[in-house]
1. Once the piece of chain linking Asn130 and Asp85 is laid out straight, how much longer is it, given 0.36 nm per residue of separation minus the C-alpha distance between them?
2. Quickly work out the Ala302-to-Tyr116 label distance, labels modelled 7 Å from Cα along the C-beta direction, and quote it in nm with one decimal.
3. Cα centroid distance between region 216-232 and region 53-85, in Å?
4. Relative contact order of the chain: what whole-number percent is it, with Cα pairs under 8 angstrom and at least 6 residues apart?
5. Any idea how far the Cα center of region 88-110 sits from the one of region 338-362, in Å?
6. Could you check how much of the accessible area of region 368-487 is carbon and sulfur, as a whole percent, using a 1.4 Å probe?
7. Place a +1 charge on the Cβ of each Lys and Arg in region 368-487 and a -1 charge on the Cβ of each Asp and Glu, then give the dipole magnitude about the Cα centre in debye, rounded to the nearest 20.
8. On the principal axes of its Cα set, how long, how wide and how thick is region 368-487? Give whole Å, largest value first.
Amino acid sequence: MRRISHPITFPISCIIGLLLAACQPGKSVEPPAPVLPVPSKNQLAWHEMEMNAFIHFTTNTFTGKEWGYGDESPSIFNPTELDADQWISVLKEVGFKGVILTCKHHDGFCLWPSEYAEHSVKNSPYKNGNGDIVKEVSDACKKHGLKFGVYLSPWDRNHKDYGTPEYIAYYRNQLEELFTGYGPIFEMWFDGANGGDGYYGGKREMRRIDRETYYDWPATLDLVRGIQPQVIFFSDAGPDIRWIGNESGYAGETNWNTITPDTLYAGKAGIQKLLNTGSIDGSHWIPGEVDVSIRPGWFYHAEEDSLVKTPEQLFDIYLTSVGRGSVLLLNVPPDRRGLIHENDIRSLQGFRELLNKAFSNNLAIGATAKASSYRGKSSQFSPENLIDGDKETYWTTDDDVATGSFELEFSEPQTVSYVLLQEYIPLGQRIKSFRVEVWNNDEWETVSEATTIGYKRILQINPVKTSKIRIDITDSKACPVIPNIELY
Ligand code: FUL
């Protein structure tokens, strides 16, 4: 016999279910809407790399110059012990995730046997003209699991056509060679130094170009993206990564990943300060990259062997770059043998040891977390997410709560020297200011105040022994979204 249910049964149970879901913690609550602009998938992957290495190598290594004039004979380029595997294994040990090689610097000398150039390794004694250093480096990167990136100087002091449309065709042909023949390229680095005096095929003259129009960057970038869509472009002003405005190793203490690019050409004067901090209301996500050399120069010079940055200096640079939400691009130039010099290796190893020493014992693990409030009282957004080791889960508040605090309590007092915080940047950069407090003599004491967080912020504080630590978000564009805190 057919059972007929009471017509009211279904709607009542449904309503009760909905009421329960709304009142119970742990049930689904909408995540916050993004604060625009947000990073692209490729920019996000770049943020996560944190530390990359730059490799400057060309005829300058043999002439002692920083900017070759372009009249150097390829016959001087003769690294007799070149070992790209040594370069990449040294860099891997330090923790670099990617490497960017100067395939051609301003002197125009090509480290690969370009079909379009005679000013190249193919006319040098290196491997009797049969060498291809771009290939050696890209292969070593593949072998050791590092990403490979390319620097190809737009300015070419050797090329006879520099300054005319013919040179643009040459430059694009070279990009095509590099982007078709050397595997995946994660980053393309366009240098802002452009135009001036040079050899220019023997003319030895001054050539100025209109930086805004000469290169027709949009067309060049389209060409490259057509071959490798995942590549991100660095230049003074983006479009994917901006210069941080100095070559000394520091991002601004306030560092917004957002900026309004009123131009996509490199080398615009007078914007260093802005590049260093970004702008709070910038229209695009264009994070800053901190490029700096381990030596005074970008190229190896024997007289600078005693001037290699110390492990402590490199550690400070780490704090002012990665620790301020940027990616560090540290230049390590090979010497005339074609090897990373012993002094540089020693410093890099010391730097790694300092990083290990400072950041190996995360005191936040095992602490208990609580917060002034959390979104919809849902466990999906609770403060436990701050210390669960999962970067995809986060603490956040209701939409109308743009300030708030969370605290971690240790089972017994701990000495804290570094506070590391991260924002969940897929939803945009939000936090404008925050402070760090420790529990001292039965009250909260402020030990540090800062502005932006972004992908990562590391604050060094005077070592303090405490049972509790509190982070107070004092101003934010919208509800703060924090996936991670670490304490060391
Ligand atoms: C600058 C260049 O002129 C330097 O030689 C170096 O390559 C540095 C990374 O960028 O603009």
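The values are calculated or read from the model by the stated rules, or taken from the named source; none is laboratory data. No experiment lies behind these values; they were computed from the predicted model shown. For neighbour counting, all protein chains shown are included, and Cβ atoms are generated from backbone atoms with ideal geometry for every residue, glycine included. With ligands, DNA and RNA removed, areas are computed over all heavy atoms of the protein, side chains included. Shrake-Rupley method; radii C 1.70, N 1.55, O 1.52, S 1.80 Å.
1. Net length gain for the segment: 14.4 nm.
2. 3.7
3. So the two Cα centres are separated by 28 Å.
4. 16
5. Region 88-110 and region 338-362 have Cα centres spaced 18 Å from each other.
6. 39
7. Taking the Cα centre of region 368-487 as origin, the dipole is about 320 debye.
8. Result, largest extent first: 35, 26, 24 Å.
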